[in-house]
Amino acid sequence: MTVTISRLYNNYADARTAVSALETAGLKHSDISILVSNADKSYDEKTKTFPDRDLDGNDDRAQGAATGGSVGAAVGGTAGLLAGLGLMAIPGVGPVVAAGWLVATLTGAVAGGATGGVIGALTQQAGLTKEEAEVYSEGLRRGGAVVSARVADADAAKYQAVMDRSAVHIQDRAAVYRKAGWSSYDPKAQPYTTDEVTKERSLYR
């Protein structure tokens, strides 16, 4: 029997750390999915990479060349999962870069156009409650990322611990959003701008 574990992360760098840790712990690429906000336009569609993976304001490919390829090697390690990266626009969330088994479900939900379709995809396929799915969707809209992993029931505790290391504490984040006036997923919400994403991420450093 398998279960699905999902976690919200502040940005691509934190989510990529989680993916690497899952792989190191023995999980196959085919059992991992990643959704990353592209509100800040950080994804290079031509090369299918995030040139500034560590969010330090510099192109990591240039840094890798300058340091003998160490960063390039790190990027190469993501090829299995990220080879299938693609862009999609999710109503109420905005532009998202996605890879992995969850993509087909999300694509179908978005294409269906029904209000709550994305929430349905996250609750039915990503192991989330409706309340969690709404917070995850808002987290994506604000520049975050979601990693989902399909694991054997017997290994769930091990992989949950791995994913929790750099993850957002979802109850605390929901409280922050609601204190600022957010109430629930809105399929008509405007995507965040690059400046808004930068400001949002600065709150959680």
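What follows is calculated from the coordinates using simple rules that are stated; it is not laboratory data. As the structure is a prediction and not an experimental result, all values here were calculated from the model. Glycine gets a Cβ as well: all are built from the backbone with ideal geometry, and neighbour counts include every protein chain shown.
Sorted fewest first by neighbouring Cβ atoms within 10 angstrom, ARG178, ARG150 come out as ARG178, ARG150. In a fully extended conformation the segment linking ALA104 and GLU196 would gain 30.2 nm over its present Cα-Cα distance, using 0.36 nm per residue. For region 20-46, backbone nitrogen atoms closer than 13 Å to the point 7 Å from LYS158 Cα along Cα-to-C-beta are found at 22-28.
Applying a threshold of 25 Å to the alpha-carbon distances of LYS28/LYS48; LYS48/LYS158; LYS130/LYS188; LYS130/LYS179; LYS28/LYS130 flags LYS48/LYS158; LYS28/LYS130 as lying beyond it.
The calculated FRET efficiency for LYS179 paired with THR129, based on their beta-carbon distance and R0 = 30 Å, is about 0.90.
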